[in-house]
1. Restricting attention to the range 11-38, and to residues there that are more than 21 Å from residue 119 (Cα to Cα) and part of a helix (DSSP H, G or I), which single residue is farthest from the chain's Cα centre (by Cα)?
2. So which residues in the range 87-104 are assigned to a loop (DSSP other than H, G, I, E, B) and of a type in the set (Asp, Glu), if there are any at all?
3. Kindly indicate whether residue 177 is closer than 27 Å to residue 87 by Cβ, free of Cβ contacts under 8 Å to residues at least 60 places away in the same chain and surrounded by fewer than 15 Cβ atoms within 10 Å (Cβ to Cβ).
4. Which residue out of 139, 114 is more than 20 Å from residue 193 (Cβ to Cβ), out of contact with any His (no Cβ under 9 Å at 6 or more places or on another chain) and not basic (Lys, Arg)?
5. Which is of a type in the set (Gly, Ala, Ser), more than 16 Å from the chain's Cα centre (by Cα), on the phi < 0 side of the Ramachandran plot and away from the ligand (no atom under 16 Å from the Cβ), of 53, 41, 72?
6. Scan the range 210-223 for residues that are under 16 Å from residue 143 (Cβ atoms), assigned to a helix (DSSP H, G or I) and more than 14 Å from the ligand (Cβ to nearest atom) and report the count.
7. Tell me the residue from 160, 143 that is among the hydroxyl-bearing types (Ser, Thr, Tyr), within 13 Å of the ligand (Cβ to nearest atom), part of a loop (DSSP other than H, G, I, E, B) and within 17 Å of residue 187 (Cα to Cα), please.
8. Sort through 154, 167, 121 and tell me the only one that's more than 16 Å from the chain's Cα centre (by Cα) and in contact (Cβ under 8 Å) with a residue 12 or more places away in the chain.
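The values are calculated or read from the model by the stated rules, or taken from the named source; none is laboratory data. For clarity, every value in this text was computed on a predicted model and none was experimentally measured. Glycine gets a Cβ as well: all are built from the backbone with ideal geometry, and neighbour counts include every protein chain shown.
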Amino acid sequence: MTSRFTGKVVLISGGGSGIGRAGALAFAREGATVVVAGRNADPLRETVDLIEAEGGRAGAVTADVSSSRDVARLVTTTVERHGGLHIAFNNAGVFEAGPLADMDEAAWDHLIAVNLTGVFLSMKHQIAHMRVNGGGVIVNTASNLGAHMRLPFLGAYAASKAAVSALSRAAARECIGQGIRINAISPGPVDTTMSLRPGESEDARTERMKDALPIGRVGTLAEAASAVLWLASPEAGFTVGHDLVIDGGATA
Ligand code: ADP
């Protein structure tokens, strides 16, 4: 087994489920100390337990990524407890679909606050630390529904995620001279609750994906996590401001 991240401290928001948890397990298996963050303590604790059961090192911090104060505390706590912050995977997000005319302003504000402002605040505090502490690597979770395709009933989500792509690429150019390498991933439907329609079973999703995606299936969590690890690894050292689409050909 390779250990590309021995000695590294990795901070992952949305680390209590989905791609965040899969990334946390994968980073820990390759030697990293992982800090998972999110709003609710229980799923974060489960991720930590899973990592520790495999002999890995992990900690959990509850934080709302749409709160600047929470995100500042998250970075400070990570550094104080684990001695540094080398890699950040800003993956917390919420999903919302429906006709724009029926979307109330509070739902819009929440979506933008978590998906876009959350990435801004995360990078703001991470960059402030990394630029005076030897640099670092940041990977942000955008979506193939953002900058890469246009679907009806997903305008608000698409706008929030297209903005994450744009913010990531601009930040990448701004920060690479300070030793901070920034990229994004744009997943399509992967095996998370986010890819299930309201009330849809996993079997029903499997049937729907046969026609909906060129590859005929959702992506696995491992397929998404491995892309994040590659972007965060020294092997991707020349990859700056890339938005890596992982979507089974949906936007090809
Ligand atoms: P995916 O793994 O595809 O990103 P999930 O829905 O499983 O999809 O993960 C999104 C994660 O973001 C969840 O763990 C969720 O709890 C987290 N999250 C959502 N809103 C916030 C928030 N305001 N602050 C921190 N974490 C959040």
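1. 29
2. Filtering the range 87-104 for residues assigned to a loop (DSSP other than H, G, I, E, B) gives 91-99, 103-104.
96, 104, listed by residue number.
3. Against the criterion (closer than 27 Å to residue 87 by Cβ, free of Cβ contacts under 8 Å to residues at least 60 places away in the same chain and surrounded by fewer than 15 Cβ atoms within 10 Å (Cβ to Cβ)), residue 177 qualifies.
4. On the way: 114 fails: more than 20 Å from residue 193 (Cβ to Cβ).
When all the criteria are applied, what remains is 139.
5. Details: 41 fails: away from the ligand (no atom under 16 Å from the Cβ); 72 fails: away from the ligand (no atom under 16 Å from the Cβ).
Just a single option satisfies the conditions, and that option is 53.
6. Number of matching residues: 1.
7. 143
8. Just a single option satisfies the conditions, and that option is 154.
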